[in-house]
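Here the structure comes first, spelled out in structure tokens, and everything after it is commentary.
The values are calculated or read from the model by the stated rules, or taken from the named source; none is laboratory data. What you see is a predicted model, and the numbers here were worked out from it, not measured in a lab. Reconstructed Cβ throughout: ideal geometry from the backbone, glycine too, with neighbour counts over all protein chains shown. Accessible surface areas use protein heavy atoms only, side chains included; no ligands, DNA or RNA. Shrake-Rupley method; radii C 1.70, N 1.55, O 1.52, S 1.80 Å.
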Amino acid sequence: MEHFYIYDHGSKQPVREFLQTLDNVITDRVTVTEWKGRHADAQPDAYNDCLRRFREESRWIAFVDADEQIHVKTGQTLPEFLKGYEQYAGVMAVWVTYDAGGMLRKTPGTLRERFTRVYAPDEFSRTAGKLIAQAMFTDKMYVHNGRAAKGFIIADERGNAVRDYALMPENATTDLICVDHYYTKSYEEWLNKLRRGSGHARYSRAYDDFFKFNPDMTGHRENIRYRQKYEGDGEAIDEKSKKFRFVS
């Protein structure tokens, strides 16, 4: 990647403040937009603001979230890979979703180091992808797709056209490129994710989603509640108020 456009949607520690602790080699490659004010739908609104403001300085813009990482499987860098798709308005890369790997608490290390087990059955990864847009040929962004300019199409990794508004290509494959999606991470990180809320007006996460994607950890759910009720140790959901709290 040559540059990063970060939309800071109310971080407890502002991204600009954090960047001041880093070397200029990094900060010179980052543009931060503080995404404040009222938004009908904060996530697609941010995507379209980025597309409008920066389309003339960036040929390609990948619209991904902090829990998503692009994975090129051909041995190429992403810019090298995209040279084969310059005739399209964008490339849709499909999710491959990873579960918590049995982790209750956040541990040191990168996402790729910490989570290596793909959610199985991998139904969730076949429900959506993310767009790497050739900005000048993309008219509008949605959360998982975009609208191509007249005369162009958005393609999958095989060069097949992807319908407008489609969350992902039909008969999607992940042989050449995908988006590694670390949806739940650890149980502790899942609770923090719920506390932050959603940037999409028509979507909100449910507490039980964690156990849907981590069925092997269902037993821990009862252990967590037991500790919270009788020992005052661990994270738990307050069943009466349905609010989350961290008990140290």
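For the stretch 45-101, the candidate set comprises residues that are basic (Lys, Arg) and in a helix (DSSP H, G or I); within that set, the residue that is surrounded by the fewest Cβ atoms within 10 Å (Cβ to Cβ) is 83.
Every condition in (1) of a type in the set (A, V, I, L, M); (2) outside any loop (DSSP other than H, G, I, E, B); (3) surrounded by 17 or more Cβ atoms within 10 Å (Cβ to Cβ) is met by residue 168 except one, and the failing one is (2). Considering only residues in the stretch 151-168 that are hydrophobic (A, V, I, L, M, F, W, C) and closer than 15 Å to residue 140 by Cα, the one that is nearest to the chain's Cα centre (by Cα) turns out to be 167. If we scan the stretch 1-8, do we find a residue that is buried (at least 17 other Cβ atoms within 10 Å of the Cβ), within 30 Å of residue 89 (Cβ to Cβ) and touching an Asp or Glu at 6+ places or on another chain (Cβ under 7 Å)? Looking through the stretch 1-8, at least one residue is buried (at least 17 other Cβ atoms within 10 Å of the Cβ), within 30 Å of residue 89 (Cβ to Cβ) and touching an Asp or Glu at 6+ places or on another chain (Cβ under 7 Å). Within the stretch 146-165, being open to solvent by less than 10 Å² (accessible area, probe 1.4 Å) and touching a helix residue (DSSP H, G or I) at 6+ places or on another chain (Cβ under 7 Å) holds for one residue alone: 155. When residue 195 is tested against (1) of a type in the set (Lys, Arg); (2) under 18 Å from residue 104 (Cα atoms); (3) surrounded by 15 or more Cβ atoms within 10 Å (Cβ to Cβ), exactly one condition is not met: (3).
Per-residue answers, yes or no, for (1) open to solvent by 50 Å² or more (accessible area, probe 1.4 Å); (2) free of Cβ contacts under 8 Å to residues at least 24 places away in the same chain; (3) among the acidic types (Asp, Glu); (4) in a loop (DSSP other than H, G, I, E, B):
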| position | (1), (2), (3), (4) |
| --- | --- |
| 136 | yes, no, no, no |
| 200 | no, no, no, yes |
| 206 | no, yes, no, yes |
| 223 | yes, yes, no, no |
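None of 179, 143 is surrounded by 15 or more Cβ atoms within 10 Å (Cβ to Cβ) and part of a loop (DSSP other than H, G, I, E, B) except 143.
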